[in-house]
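The values are calculated or read from the model by the stated rules, or taken from the named source; none is laboratory data. Since the structure is predicted, the reported quantities are computational estimates derived from the model, not experimental observations. Positions of Cβ are generated from backbone atoms using ideal geometry, with glycine treated the same way; all protein chains shown enter the neighbour counts. Quick note on the areas: whole protein, heavy atoms, side chains included, nothing else; ligands and nucleic acids left out. Shrake-Rupley method; radii C 1.70, N 1.55, O 1.52, S 1.80 Å.
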Number of protein chains: 2
Amino acid sequence: MLRTHTCGELRLSDKDSQVTLCGWVQRVRDKGAMVWIDLRDRYGITQLMLDNSSGEALLETARSLGREFVIEAKGKVIERASKNNKIPTGEIEIFVGELNILNPAKLPPFLIEDETDGGDDLRMKYRYLDLRRNPIREALRLRHKVAQSARRFLDEQDFIEVETPVLIKSTPEGARDFLVPSRMNPGEVYALPQSPQTFKQLLMVSGFDRYYQIVKCFRDEDLRADRQPEFTQIDCEMSFIEQEDIINTFEGLVKRIFKEVKGVDMTEEFPRMDYDTAMALYGSDKPDIRFGMTFVELNDVAQNKGFKVFDDAELVVAICAEGCADYTRKQLDGLTNFVKKPQIGAKGLVYVKCNEDGSFKSSVDKFYSQEDLKAWADKANAKPGDLLLVLSGDKDHTRNCMNELRLEMGNQLGLRDKETFACLWVTDFPLLEWDEDSKRYHAMHHPFTSPHKEDIPKLDSDPGAVRANAYDLAINGVEVGGGSIRIHDKSTQELMFKHLGFTDEEAKEQFGFLMEAFEFGAPPHGGIAFGFDRLCSLLGGSDSIRDFIAFPKNNSGRDVMIDAPSKPSKEQMNELSLEIKALKLEEAK
Amino acid sequence: MLRTHTCGELRLSDKDSQVTLCGWVQRVRDKGAMVWIDLRDRYGITQLMLDNSSGEALLETARSLGREFVIEAKGKVIERASKNNKIPTGEIEIFVGELNILNPAKLPPFLIEDETDGGDDLRMKYRYLDLRRNPIREALRLRHKVAQSARRFLDEQDFIEVETPVLIKSTPEGARDFLVPSRMNPGEVYALPQSPQTFKQLLMVSGFDRYYQIVKCFRDEDLRADRQPEFTQIDCEMSFIEQEDIINTFEGLVKRIFKEVKGVDMTEEFPRMDYDTAMALYGSDKPDIRFGMTFVELNDVAQNKGFKVFDDAELVVAICAEGCADYTRKQLDGLTNFVKKPQIGAKGLVYVKCNEDGSFKSSVDKFYSQEDLKAWADKANAKPGDLLLVLSGDKDHTRNCMNELRLEMGNQLGLRDKETFACLWVTDFPLLEWDEDSKRYHAMHHPFTSPHKEDIPKLDSDPGAVRANAYDLAINGVEVGGGSIRIHDKSTQELMFKHLGFTDEEAKEQFGFLMEAFEFGAPPHGGIAFGFDRLCSLLGGSDSIRDFIAFPKNNSGRDVMIDAPSKPSKEQMNELSLEIKALKLEEAK
């Protein structure tokens, strides 16, 4: 080793030891007679010291050091005159006897400090410098800890980690696949997996009983801030179980991770809520239950009083913002503008102030009497001092809007503390959802999800009402995991494909291997997958998953550091029997 | 849970318990008055029993069960009349009270037993059935154990697991990349990584200090039996270290794995050998040192005696096969045919029998006296009863041939026991190797490997003689791992690219990000990567890595189970702005 100790290791008990440290120069303070250097590595910071007795040559070297130079320093551990109790090495410093520059450094394009002056683009281009900053390094350290904790738990529970292939077969169902042309099989392509779904099911058919994998998955979708073309899942599957067993097992996993990584003891059972209730009370299939402010439907008390907007609405729904009756005109206008933003798309917002004196003041006073408004307030359990916010319209859309408004109010009222964690199982998702574009039903999760047995007859009569044995884990309004009990017999799987609009040929072509496997003794099975990047960012108290990925891509799917993707060579394209369409290329220019 | 216990769990101490088991029917024995069923799951086999008292309906169900049916059996644990001490559950059986078929099964296309009647192709097509067989399941279980053991060791040593990207940039150096067309960046492609090499080096520049990852890598090469287009590496890198530190650290890792997975205590330091010695003594850079039979060069005693074949040869080399003087004509012809096989390509084989009476009998008696042959025998330390096998010709080729012959003799003499493990570090590899096709030097490992400092001047005068700070770990003649101390400064890296025939523009275009990173304070660093699939197969005592991969591909890179790769849809190709060249496609048909 080039060093005897790391920069986080030495203590007063090491006093008088001769040591060699290596690391990066965090800063140099030159006070003329004395020079101090903060030397940094992954493990900490140790102060180096030189004075007049060090000799001019050594002092000269010390003074020549720039930020981020890599150096080796030999010297003696001495007790500091003025101690720094903020860092573990703060009682000592190294009186330097020898100093070697292992590698000089150009001035970094941004400050390597907790609060940096680097913008996103610069930080991404020089990601290797960004990764030197404590917050990012700690984010990746947390990620490592989460993986360790998850593996330990699953290993203890007899899960076997099995690697499934990355070069698989393209299937049109679901999101868009990344394709990989095959040179050895010209004209054919592999696809990168969106998840190891079918493979983990085959492992159950193989009798592996309990499988897990922390695995990269890929989706060629247009990217949002919290999406990446490659992402990581904790992917799990179990045999001979029911939904209850999956929920119990993985609630255990999540509790373990919170305990080991955050020191948070979650002793209570996670609450559960079925999908319909979640939509009715929160307008979301991943409610943030750190706070209440649940939806109150006002149709029966608000309709048929002459206010056409409400009368024509499928749904009139309110939330009660406690203690907000004193919101100013400006604040209320702000909320109105918030819900009218194009990404939310409400037409307007009705408010009712429940005044301290028991009277009501609303934006629809013209249509409703004090008594009418009292009936609303009673329904919403509103007290004097509270504020009702009311939206109306088409049910699904209005719920969506109200969900956004509720979350915004949660933010404004400080009800969404990042260090408070509220977990919720959402169950009984619909099996199918209608797709306007293709005018057919799609699988809400994926085509392998089993329906509630008693709902199977509705597949023909009322497909949208069929419930699935599917469940999600939401934490603080973030969907952290989701899964289902799978179909494990060929006939149900065929029925499902039929209802998804597959012809027999298409089903066989794409999933024939799975349906054939079901004929050779498939056990009842089910599983779950956790979004690992998102789980880590949640644990780290961040909204952005990028800080928890070592080398993320930007919103155009580019790695700006290595400059990928890039143009292939002619030779590469020839080998793959491919060519890029000139026309399309021109359009893109 | 659908079961109360697994099929490997019940013991005599569970006698009289009411239990529910689930699993696969291994076999049914119907003795008329009694019916026994062997029920199997991942954890073991438990015997179920029914008799006349079970009732006709239940007996009928039991008799109807076929191989691999999935069933649920409820009943009472009873003591067996005739015990089976070969299995842990052999003292008990379940007297069945209820039997439910969870899923019937068609007759499997091959026997689900340790010795199967299924050929390779059939087993691969029905890999999910093959995975039910003990040897394959055990292989994957071993793989899991190796991963656990490696992770534990590296975690203890403060390595951080960091995931590096899978969608990266194509670089023409090295093997052929798999390409992934980018839809969002038309005309551009990602590449799948052949290794995370540059990323782990950037992590060192970032100060991560100790990195590891068990990671999928990809090479689009024509496949041999022991190669797969996707394979897994244990990939590691350290900062502020020298070669000695890497070797010590990862010798520790390998010892830990052998201890934990195989129960083998490797207390001694692994021997080391430089590349030149390995080539001279074994004709291989990954010698199998489970046995001796090292090469003996006979040039000085065998040349200039009138035998033109030897006189014209660059190298005359022998091995001494102990106790093989009694090899028959047929055996010797067999060896001659072996070395003359096209894949080996020797022109012929000379033998010398060292007879028990002190005389010699050789295939070149006409050219050599008994005294001459005695000189050979003396040089080779051959005793009466031994057999010398001699090859001659161009040095490199002859060494290759002799390496193959030595390994073959090792096999014939039973010197290559699969449960004996001989580890060897091979060091000081050449930095460059001459490539006849491109008429230039290539990096023997990769362009980031550092040269011996004292050899740098030879880069101009004698490039082939420059040694690298590179090392491989060979176990039983298999290259299990390899690595190097990296270049960490821009100027040496530039020099290296220059000698590899890169123009400045090419170097900058492909590796500009790395060279720029070296300017911002790169620490001295180095690392190693282990071939995880191969390490597992070695530990499992198998020559084939396929059995240690859950879903392997065949020699054409196909997954015959899911039938990948496959033809993309027109829509997919349009979205990627790609088309398949009609001509090439036609050729391929």
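Data for the structure
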{"read-out": "Residue within the range B:392-400 that is of a type in the set (S, T, N, Q), assigned to a strand (DSSP E or B) and more than 30 Å from B:LYS259 (Cβ to Cβ) present", "value": "yes"}
{"read-out": "Pairs with Cβ under 7 Å, 6+ apart, first in the range A:97-108 and among the charged types (D, E, K, R), second modelled with pLDDT of 95 or more", "value": "A:GLU98/A:LYS74; A:LYS106/B:GLU519; A:LYS106/B:PHE520"}
{"read-out": "So B:LYS145, is it open to solvent by 50 Å² or more (accessible area, probe 1.4 Å) and either touching a residue at least 24 places away in the same chain (Cβ under 8 Å) or within 11 Å of chain A (Cβ to nearest Cβ) (or both)", "value": "yes"}
{"read-out": "Count of residues meeting criterion [in a strand (DSSP E or B) and open to solvent by 10 Å² or more (accessible area, probe 1.4 Å)] in the range A:521-537", "value": "2"}
{"read-out": "Check on B:SER566, more than 24 Å from B:ARG534 (Cα to Cα), at pLDDT 90 or above and of a type in the set (Gly, Ala, Ser)", "value": "yes"}
{"read-out": "Residues of the range B:232-290 classified as touching a residue at least 24 places away in the same chain (Cβ under 8 Å) and assigned to a loop (DSSP other than H, G, I, E, B), total", "value": "15"}
{"read-out": "Test for B:LEU2: is it open to solvent by 20 Å² or more (accessible area, probe 1.4 Å) and within 24 Å of B:ASN134 (Cβ to Cβ)", "value": "yes"}
{"read-out": "Residues located in the range B:367-383, provided they are touching a helix residue (DSSP H, G or I) at 6+ places or on another chain (Cβ under 9 Å) and part of a loop (DSSP other than H, G, I, E, B)", "value": "B:PHE367, B:TYR368, B:ALA382, B:LYS383"}
{"read-out": "When residues of the range A:520-557 are limited to those that are out of contact with any strand residue (DSSP E or B) (no Cβ under 7 Å at 6 or more places or on another chain) and among the charged types (D, E, K, R), the one nearest to A:PRO196 (Cα to Cα)", "value": "A:ARG546"}
{"read-out": "Residue in the range A:201-211 that is open to solvent by 10 Å² or more (accessible area, probe 1.4 Å) and more than 7 Å from chain B (Cβ to nearest Cβ) present", "value": "yes"}
{"read-out": "Selection status of A:PHE240, more than 24 Å from the chain's Cα centre (by Cα), of a type outside the set (Ser, Thr, Tyr), crowded, with 19+ Cβ neighbours inside 10 Å and at positive phi", "value": "yes"}
{"read-out": "Every residue from the range B:414-454 that is open to solvent by less than 10 Å² (accessible area, probe 1.4 Å), farther than 24 Å from B:VAL254 by Cβ and in contact (Cβ under 8 Å) with a residue 60 or more places away in the chain", "value": "B:LEU432, B:PRO447"}
{"read-out": "Which numbered condition B:SER461 fails, given (1) farther than 28 Å from B:ILE246 by Cβ; (2) among the hydroxyl-bearing types (Ser, Thr, Tyr); (3) open to solvent by less than 70 Å² (accessible area, probe 1.4 Å)", "value": "(3)"}
{"read-out": "Criterion violated by A:TYR211 - all others in (1) more than 26 Å from the chain's Cα centre (by Cα); (2) modelled with pLDDT of 95 or more satisfied", "value": "(1)"}
{"read-out": "Residue list for the range A:464-482, restricted to those being crowded, with 19+ Cβ neighbours inside 10 Å and out of contact with any Pro (no Cβ under 7 Å at 6 or more places or on another chain)", "value": "A:ASN469, A:ALA470, A:TYR471, A:ASP472, A:LEU473, A:ILE475, A:ASN476, A:VAL480, A:GLY481, A:GLY482"}
{"read-out": "Residue among B:LYS340, B:LYS353, B:LYS366, B:LYS374 that alone is open to solvent by 50 Å² or more (accessible area, probe 1.4 Å), in contact with a strand residue (DSSP E or B) (Cβ under 7 Å, 6 or more places away or on another chain) and of a type in the set (D, E, K, R)", "value": "B:LYS374"}
{"read-out": "Extreme residue, farthest from B:GLY385 (Cα to Cα), among residues of the range B:299-322 that are surrounded by 13 or more Cβ atoms within 10 Å (Cβ to Cβ) and of a type in the set (Gly, Ala, Ser)", "value": "B:ALA313"}
{"read-out": "Boolean, A:GLY481 is more than 8 Å from chain B (Cβ to nearest Cβ), touching a helix residue (DSSP H, G or I) at 6+ places or on another chain (Cβ under 9 Å) and either farther than 28 Å from A:LYS125 by Cβ or in contact (Cβ under 8 Å) with a residue 12 or more places away in the chain (or both)", "value": "yes"}
{"read-out": "Scan of the range A:74-104 for residues that are open to solvent by less than 20 Å² (accessible area, probe 1.4 Å) and either within 14 Å of chain B (Cβ to nearest Cβ) or not acidic (Asp, Glu) (or both), ordered by number", "value": "A:GLY75, A:VAL77, A:THR89, A:GLY90, A:ILE92, A:ILE94, A:VAL96, A:LEU99, A:ASN103"}
{"read-out": "Pair list, Cβ under 6 Å, 6 or more apart: the range B:293-306 residue part of a helix (DSSP H, G or I), other residue open to solvent by less than 50 Å² (accessible area, probe 1.4 Å) and modelled with pLDDT of 95 or more", "value": "B:ASN299/B:VAL316; B:VAL301/B:ALA375; B:VAL301/B:TRP376; B:ALA302/B:PHE310; B:ALA302/B:VAL316"}
{"read-out": "Filtered residue count, the range B:543-571, keeping only those that are in contact with a Lys or Arg (Cβ under 8 Å, 6 or more places away or on another chain) and either more than 12 Å from every other protein chain (Cβ to nearest Cβ) or part of a helix (DSSP H, G or I) (or both)", "value": "2"}
{"read-out": "Subset tally (residues that are open to solvent by less than 40 Å² (accessible area, probe 1.4 Å) and either more than 8 Å from chain B (Cβ to nearest Cβ) or without any contact (Cβ under 8 Å) to a residue 60 or more places away in the chain (or both)) for the range A:573-582", "value": "1"}
{"read-out": "The lone exception for A:PHE497 - which of (1) open to solvent by 10 Å² or more (accessible area, probe 1.4 Å); (2) more than 30 Å from A:ARG416 (Cβ to Cβ) it fails", "value": "(1)"}
{"read-out": "Lone qualifier among B:GLY512, B:GLY414 - being at pLDDT 95 or above, out of contact with any strand residue (DSSP E or B) (no Cβ under 9 Å at 6 or more places or on another chain) and not basic (Lys, Arg)", "value": "B:GLY414"}
{"read-out": "Candidates B:ARG141, B:ARG152, filtered to the one that is over 30 Å from A:LEU514 (Cα atoms), in the same structural domain as B:THR232 (by TED's automatic domain parsing) and among the charged types (D, E, K, R)", "value": "B:ARG152"}
{"read-out": "Residue within the range A:324-331 that is modelled with pLDDT of 95 or more, of a type in the set (Ser, Thr, Tyr) and loosely packed, with under 13 Cβ neighbours inside 10 Å present", "value": "yes"}
{"read-out": "Some residue of the range A:398-413 being free of Cβ contacts under 8 Å to residues at least 40 places away in the same chain and surrounded by fewer than 21 Cβ atoms within 10 Å (Cβ to Cβ)", "value": "yes"}
